[in-house]
Amino acid sequence: MTILITGGLGYIGSHISKIANEKVVIIDNQSNSQLNYKKKLPNAEVFIEDLKYKNVCKIFKNYNIDTVIHLAGLKSVNDSIISPLEYYSNNIISSVELLQAMIKFKINKLIFSSSATVYGNKNKSPLKEDFLTQSINPYGHTKIIIEDIIQNCCASYSNFSAISLRYFNPIGAHSDGSLGDRPKGRPLNLMPLIVDSVFGKKLTVFGNDYPTADGTCLRDYIHVMDLAEAHLICLKNLNNIKYDTFNVGLGMGISVLELIKTFENANKVKVNFEFGERRLGDAAISYADTSKFKNRFNWSPKYNYKSMCRDSWSQNKNN
Ligand code: UD1
């Protein structure tokens with residue numbers, strides 16, 4: 001089996017590529033990755049190109065691709081509010097072109113990287129896959145639209161099947177330290193900012209007056225190795241699925257302050273932080289009901305918060 005991973009040089013894609021048993025082909029324009037892929041992913045065939053119909057067709061012509069894992073896309077909530085059209089045009093058009101190429105070449109299996117953001121901020125945690133989706137920013141809206149488009153394809157093309165994985169917050173890194181969460185430019189997500197704060201760039205904790213035990217937001221973080229493995233489980237099981245959505249998270253919330261404390265204890269370092277204003281659009285509490293994935297595939301994440309913090313730090317402390 002050969003799989004195509006779009007956006008395969010990013011944080012999640014690189015971990016999937018590293019642990020996949022299948023031959024991996026990657027298309028990635030490196031817009032948000034500076035991975036030295038020749039060194040870090042020596043077994044993958046990599047095409048540094050935009051996700052466009054003609055580029056994908058060229059790959060499908062030359063490789064016997066069986067399944068596509070579609071991760072490519074812009075992912076900053078903030079940027080999507082500043083430049084919504086860039087998000088709609090980039091994320092949606094590239095997905096449609098990918099699907100058109102898949103249909104043309106009769107490649108019928110797809111795993112799509114969706115996000116917990118599709119639940120919006122009105123649903124009550126634990127969040128279940130059958131809850132109504134709600135867009136609260138253009139980035140989240142692109143995820144909802146792409147899920148819908150994929151579902152339409154599954155309904156209309158008889159052999160086409162797909163899974164949308166709704167990721168909660170991936171953190172951590174491969175334990176050999178070769179891969180990690182290093183976006184281009186300034187990171188925006190919590191864990192890389194916690195790491196940076198140890199080196200002196202003070203972290204602002206957004207809000208300490210939320211209705212939670214310590215006043216900071218509750219999130220559901222998952223080790224990126226668990227998340228990568230969840231894709232491989234789906235790969236094995238796509239034959240028995242037409243279309244479905246699954247949450248991938250740890251299934252329990254941890255507050256920003258608790259995560260900071262866990263990080264400090266696991267790594268014996270000091271996180272430099274101060275409290276700031278709430279960030280617009282943040283839900284107070286967001287964590288997954290993970291029973292659907294667990295029951296369907298008999299699989300649960302292995303890593304706890306301590307190991308997530310340890311691996312996030314060991315990957316970054318030397319870089
Ligand atoms: C965000 C996006 C989500 C996206 C995910 C991964 C929203 C509403 N959701 O999730 O769609 O899939 O990133 O890219 O934006 N925090 C701080 N200080 C910081 C940064 C974060 O206190 O400098 C807090 C946030 O308030 C939040 C938690 O840390 O409570 C996690 O934030 P973040 O890593 O940005 O992820 P989410 O906002 O949960």
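Could you derive backbone 3J(HN,Hα) for region 197-204 from the dihedral phi with the Karplus parameters 6.51, -1.76 and 1.60 (θ = phi - 60°), listing whole Hz in sequence and x where the residue is Gly or Pro?
Taking θ as phi minus 60°, the curve returns 5, 5, 8, x, 7, 4, 8, 9 Hz for region 197-204.
Amide H to amide H, which residues 5 or more places from S164 or on other chains are under 5 Å from it, using H placed in the peptide plane?
Under 5 Å from the amide H of S164: F112, D244, T245, F246.
When the scattering of region 167-315 is computed by the Debye formula from its Cα atoms alone, each counted once and equally, what is log10 I(q)/I(0) at q = 0.10, 0.12, 0.18 Å⁻¹?
Each listed q corresponds, in turn, to -0.37, -0.53, -1.10.
If one puts a single equal scatterer on every Cα of the chain and applies the Debye formula without solvent, what log₁₀ I(q)/I(0) results at q = 0.08, 0.09, 0.10, 0.16 Å⁻¹?
Computed log10 I(q)/I(0) values: -0.34, -0.43, -0.54, -1.48.
Hey, can you grab everything whose amide H is under 5 Å from the amide H of L218? Only 5+ residues off in sequence or another chain; H modelled, so Pro and N-termini drop out.
Close amide H contacts, sequence-distant or interchain: I285, S286.
For the pair K184 and S83, how long in nm is the line joining their label points, each one 7 Å along Cα→Cβ?
Inter-label distance under the simple model: 1.0 nm.
Among I103, L132, Y63, which residue has its Cα furthest toward the positive end of the charge dipole of the chain, with +1 on Lys/Arg Cβ and -1 on Asp/Glu Cβ?
Farthest towards the positive end: Y63.
Roughly how big is region 28-137's charge dipole about its Cα centre, with Cβ charges of +1 (Lys, Arg) and -1 (Asp, Glu), in debye to the nearest 20?
240 debye
Starting from the amide H of V205, placed 1.01 Å from N in the peptide plane, find each other amide H under 5 Å away whose residue is 5 or more places distant or on another chain.
Amide H to amide H, under 5 Å and 5 or more residues apart or across chains, V205 pairs with E274, F275, G276.
At 37 °C and 0.692 mPa s, grab the translational diffusion coefficient of region 40-91 from Stokes-Einstein with a Kirkwood Rh over Cα pairs, rounded to a whole number in µm² per second.
246 µm²/s
Output wanted: per-residue J couplings in Hz (rounded whole) for region 275-291, from phi through Karplus 6.51 cos²θ - 1.76 cosθ + 1.60, θ = phi - 60°, x for Gly and Pro.
8, x, 5, 4, 8, 4, x, 6, 7, 5, 9, 8, 8, 8, 8, 9, 5
If I model region 1-101 as equal point scatterers sitting on the Cα atoms and use the Debye formula, what is log10 I(q)/I(0) at q = 0.14, 0.18, 0.20 Å⁻¹?
For region 1-101, the Cα-only Debye profile gives -0.51, -0.81, -0.98.
If the label point is 7 Å along Cα→Cβ of F275, which residues in region 248-264 have backbone nitrogen under 12 Å from it?
So the set is 257.
Sum -39500 (n - 2.57) across every DSSP H segment of at least 4 residues in the chain, then divide by the residue count to get the 222 nm mean residue ellipticity, nearest 500.
-11000 deg cm²/dmol
Simple spin-label model, 7 Å along Cα-to-Cβ: N123 to D66 in nm?
3.1 nm
Can you tell me the length gained on complete extension of the stretch F297 to N208, counting 0.36 nm per residue apart and subtracting the Cα distance?
On the way: separation 89, 0.36 × 89 = 32.04 nm, distance 3.78 nm.
Gain on extension, F297 to N208, equals 28.3 nm.
So between N159 and I48, what do we pick up on full extension, going 0.36 nm a residue minus the alpha carbon distance?
On the way: separation 111, 0.36 × 111 = 39.96 nm, distance 2.97 nm.
Stretched fully, the N159-I48 segment lengthens by 37.0 nm.
Given the peptides 208-217, 6-15, 113-122, arrange them by the average over their residues of other C-beta atoms within 10 Å, most packed first.
Values: 208-217: 15.5, 6-15: 26.5, 113-122: 21.4.
Packing order, densest peptide first, comes out as 6-15, 113-122, 208-217.
With +1 on each Lys and Arg Cβ and -1 on each Asp and Glu Cβ, how big is the dipole of region 115-231 about its Cα centre, in debye rounded to the nearest 20?
The calculation lands at about 400 debye.
In debye to the nearest 20, how big a dipole does the chain give about its Cα centre with +1 on each Lys and Arg Cβ and -1 on each Asp and Glu Cβ?
Values: 38 positive and 29 negative charges, 125 e Å.
It works out to roughly 600 debye.
Output ³J(HN,Hα) for region 113-119: one whole-Hz value per residue in order, computed from phi by the Karplus curve 6.51 cos²θ - 1.76 cosθ + 1.60 with θ = phi - 60°, and x for Gly and Pro.
My calculation for region 113-119 gives 8, 9, 8, 4, 4, 5, 7 Hz in order.
What percent of all Cα-Cα pairs in region 228-272 falls in each 5 Å bin, counting up from 0?
5, 16, 17, 13, 10, 12, 10, 9, 6, 2
Which of I146, N123, V198 sits farthest toward the positive end of the charge dipole of region 100-247, with +1 on the Cβ of Lys and Arg and -1 on the Cβ of Asp and Glu?
Sorting the options by dipole projection puts first I146.
Laboratory data are not the source of any read-out in this text; all were calculated from the coordinates shown. Quantities reported herein were computed from a predicted structural model and do not represent experimental measurements. Counting neighbours? That spans all protein chains shown, and the Cβs are built from the backbone with ideal geometry, glycine included.
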